[in-house]
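Some notes on the structure that comes next.
The values are calculated or read from the model by the stated rules, or taken from the named source; none is laboratory data. Everything numeric here is computed off the predicted structure, so don't read it as measured data. Note that we place each Cβ from the backbone using ideal geometry, even for glycine, and neighbour counts take in every protein chain shown.
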Amino acid sequence: MTNPIATDVQPVPAAAGIGLRAPHVARVRDEHPRIAWLETHSENLFAAGGPFHDAMDRIRADYPLSLHGVGLSLGSVDRLDDAHLRRLRELVNCYQPELVSEHLCWGAIGSRHSNDLLPLPFTEEALRLMVSRIGQVQETLGREMLVENISTYLRFEGGDYTEWDFVAEVVRRSGCGLLCDVNNIYVNSVNHGFDPRVYLDALPREAIKEIHLAGFTSKENLPVPLLIDSHSRRVDTQVWNLYADAIDLFGPVPTLIEWDQDIPALEVLLDEAAHAEEVLDAHRALAV
């Protein structure tokens, strides 16, 4: 990295932020809209220098930041990519985000990357591998990382754990934090037929440092229900209801609106973030 190293960490508040995507970078940099915090994909900043880094150097002075990775492939049988880890460490040192996260999945084998985040078997062997890999990343970064539960469309047969117990046990054994994607929990509950509130109840509350919300796509004319975590539309009513349940359980948590396809005007993302703020405010009002 050629950028100067940030010397301070801006805490990410227990408020609603948005995922910063390319169409909105210039407006956020130049207009400073009222947004509690921002998250960007780590890999988009791996190249040294360039316009995005120039913009982020200015944006990080105005907003707390979170870095969210999509390419580390924690659960692959391949060893972790040393070059990827090194670039991530340099990026974290450069921008000093309070939150750094990756996905509880695998996505590469034999140096060939999938275009999706692939599910793990919920076995003791996979759990031990994940704990070891998370430990390696946390040692390299010298800090806590968060892991995110993913959406899935197929599951391995058998296994030693339910999905929610697997996620909870990974967090407990590794000492990492948890990025709870409420939309992914709802998508999986429909795709695999379970009660999403049972999932929420199983999670270690003290470990939850961030929540994600996004829109899904429902596939029609199929013999079974199928939801796709498309990040291409507004958050569904059922997900908002589940989010309210999550906040009742966990208390106010930094909450991100994700939108990665068919990206709308910035005002739409701000409106979704305002809805999340309403849920957070309603919880705070009841807690007084």
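Sub-8 Å Cβ pairs linking a first residue in region 18-32 that is touching a residue at least 12 places away in the same chain (Cβ under 8 Å) and within 14 Å of R58 (Cα to Cα) to a second residue that is in a helix (DSSP H, G or I) and charged (D, E, K, R), at least 6 apart or interchain, are R29/R58, ordered by first then second residue.
Applying the set (1) touching a Cys at 6+ places or on another chain (Cβ under 9 Å); (2) closer than 30 Å to R128 by Cβ to V70 leaves exactly one unmet item: (1). Remark: pairs (first residue in region 183-201, charged (D, E, K, R); second residue outside any loop (DSSP other than H, G, I, E, B); Cβ separation under 7 Å; 6+ apart in sequence or on different chains) = D195/S189; R197/D245. Against the list (1) outside any helix (DSSP H, G or I); (2) among the charged types (D, E, K, R); (3) over 24 Å from A168 (Cβ atoms), the condition R284 fails is (1).
Would region 170-184 turn up any residue that is more than 16 Å from F122 (Cα to Cα) and exposed (fewer than 15 other Cβ atoms within 10 Å of the Cβ)? Yes, region 170-184 has at least one match. Every condition in (1) closer than 25 Å to V224 by Cα; (2) of a type in the set (D, E, K, R); (3) modelled with pLDDT of 95 or more; (4) more than 16 Å from the chain's Cα centre (by Cα) is met by R133 except one, and the failing one is (1). Of all the listed residues (L120, L72), the sole one being in a loop (DSSP other than H, G, I, E, B) and touching a residue at least 60 places away in the same chain (Cβ under 8 Å) is L72. Taking first residues from region 155-178 that are under 17 Å from L117 (Cα atoms) and in a helix (DSSP H, G or I) and partners that are at pLDDT 95 or above and among the hydroxyl-bearing types (S, T, Y), the Cβ contacts under 8 Å between residues at least 6 apart in sequence or on separate chains come to E163/Y199. If you check Y243 against the conditions, is it among the hydroxyl-bearing types (S, T, Y), buried (at least 21 other Cβ atoms within 10 Å of the Cβ) and in contact with a strand residue (DSSP E or B) (Cβ under 8 Å, 6 or more places away or on another chain)? Spelling it out, Y243 is indeed among the hydroxyl-bearing types (S, T, Y), buried (at least 21 other Cβ atoms within 10 Å of the Cβ) and in contact with a strand residue (DSSP E or B) (Cβ under 8 Å, 6 or more places away or on another chain). Take the residues of region 92-117 that are assigned to a strand (DSSP E or B) and out of contact with any Leu (no Cβ under 7 Å at 6 or more places or on another chain): which is nearest to D160 (Cα to Cα)? Only one residue tops the list, namely L117.
Return the residues of region 248-277 that are part of a loop (DSSP other than H, G, I, E, B), exposed (fewer than 15 other Cβ atoms within 10 Å of the Cβ), over 17 Å from the mean Cα position of the chain (by Cα) and not small (G, A, S); say none if nothing qualifies. Residue satisfying the conditions is D262 alone.
Within region 22-54, the set of residues being surrounded by 18 or more Cβ atoms within 10 Å (Cβ to Cβ) and in a loop (DSSP other than H, G, I, E, B) comprises I35, A36, W37. Scanning region 217-247 for residues that are part of a loop (DSSP other than H, G, I, E, B) and free of Cβ contacts under 8 Å to residues at least 24 places away in the same chain returns K219, E220, N221, L222, P223, V224. Within region 202-224, is there a residue that is among the aliphatic types (A, V, I, L, M), modelled with pLDDT of 95 or more, over 24 Å from C176 (Cβ atoms) and within 18 Å of the chain's Cα centre (by Cα)? The answer is no; no qualifying residue exists. You will find that of R89, R58, the residue that is surrounded by fewer than 19 Cβ atoms within 10 Å (Cβ to Cβ), assigned to a helix (DSSP H, G or I) and in contact with a Leu (Cβ under 6 Å, 6 or more places away or on another chain) is R89 and no other.
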